[in-house]
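Read through the structure below, which is laid out as structure tokens, and then see the notes.
Here, each number is a calculation from the coordinates, and none is a lab measurement. Predicted model only: the values in this text are computed from it and were never measured. Please note: Cβ atoms are built from the backbone with ideal geometry, for glycine as well, and neighbour counts cover all protein chains shown.
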Amino acid sequence: MIVALPALIIGSMVMLTKSVWFQNSPDILALGITFDILLTAPFAYFLSIRKTNIPNTTVIPFLILATIICSIVLPQENQFYLGLFKVWFLPVIELFILTFVLYKLYGAIKRFNTEKRNSFDFFFTLKKVSAEILPKAVTMPVVMEISVVYYGFLYWKKRNLRENEFSYHKNSGTITLLASIIFIVAIETVVFHVIISKWSVIAAWILTFLSIYSGIQVFGFLKSMLFRPISIEGDKLYLRYGIMNESIIDLSDIDAIELSSKEIKLNHETRKLSFLGDLESHNTVIRLKNENILIGLYGIKKSYKNLVLFVDDPMNFKNAIEIALTK
């Protein structure tokens, strides 16, 4: 029912473009069709969702979809008003979205600085803010892209660990591995660009762009590991592996903590915190009483009861959890 009325409006306009009336008066009807698809239908959608749990910001992707439909159904020679909309109105919407996200993020950071209850985590805060204003389907892709840029290129301040925080990147060799991947990608990009450009310059630049983008992603992943430590806060254990994987465990749900580097079979019950799988070693196994959720790249969720991970100081990590359980 939410999309019934706007869909009816758009559907009627699409049928009108195929009618004899449009053929007789294309210039006049093009204005009305453009107005109804781009303004009337999105406004009807907004009225349908404003008292529901659906974020009002979903009007924006609806508007983009309406723009695409309008571009398809209207003949090229009748897209004058559509062209004006694309040139003058869409950039304003994009600017509004970016400004709104940054404003909400600034508000969240300001609230944190006022309360000072937990250690600030940019990735967690960004997810929370984005979930309030963006459609669920696009929240994690937007969060991941912003986080890669933030951790990779914007945040360079040295972060000292607190008593309740534990690093996992210093002794695991992961940083060296990821840095090597970036180096290999850089060399292969140059080589393949030269080879493929002899066949197609466009294909060569597309491959080069994808390689550079991949390198930026890996660099952002690498840097995020330095600034997102594992932490014990209150009655919860926050397990983080950069921005790639994370899980929150109630301390009371921990059945046992084993300090072990023995090979362990990974399955639907036993998973690794690292997204590198067998390429990274482990020294700690956390066994739970109940199933929990491991959230991976772009919000992909996997259940587990046993979590395998690497901690730079496993003994101190285990002792801190045991002390927290006695409180």
Worksheet, complete the sentence: From DSSP H assignment alone, runs of 4+ in the chain each adding -39500 (n - 2.57), the sum over residues rounded to the nearest 500 puts [θ] at 222 nm at -17500 deg cm²/dmol
Worksheet item: What residues qualify as long-range amide H neighbours of Thr284, i.e. H under 5 Å apart, gap of 5 or more or another chain, H built at 1.01 Å from N?
Response: Ser260, Leu309, Val311
Item to complete: Please name which of Ser214, Ser172, Ala137 has its Cα lying farthest along the dipole of the chain towards the positive end, using unit charges on Cβ (Lys, Arg +1; Asp, Glu -1) and the Cα centre as origin.
Response: Ser172
Worksheet item: What percent does the relative contact order of the chain come to when contacts are Cα pairs within less than 8 Å and at least six residues apart?
Response: 12 percent
Fill in: Cα gyration tensor, segment 59-99 - rounded (a/c under 1.5), prolate or oblate
oblate
Worksheet item: Can you pull the Rg over Rh of the chain, Cα-only, Kirkwood?
Response: 1.08
Discussion item. Only Cα pairs within less than 10 Å get springs; with that Gaussian network setup on the chain, which residue of Ser274, Ser197, Ser180 has the largest fluctuation?
Written reply: Ser197
Practice prompt. Calculate the translational D of segment 173-298 in whole µm² s⁻¹ from Stokes-Einstein, where the hydrodynamic radius comes from the Kirkwood formula applied to all Cα pairs, the temperature is 25 °C and the viscosity 0.890 mPa s.
Written response: 144 µm²/s
Worksheet item: For segment 165-227, what ratio Rg/Rh do Cα atoms give with a Kirkwood hydrodynamic radius?
Response: 1.16
Worksheet item: Taking Lys272 as the anchor, which lysines have their alpha carbon closer than 24 Å to its alpha carbon, excluding any fewer than eight residues away along the same chain?
Response: Lys127, Lys170, Lys223, Lys236, Lys262, Lys289, Lys301, Lys302, Lys305, Lys318
Worksheet item: Against the longest principal axis of the chain, how steep is helix 136-149, in degrees 0 to 90 to the nearest 10, with axes from Cα atoms?
Response: 60 degrees
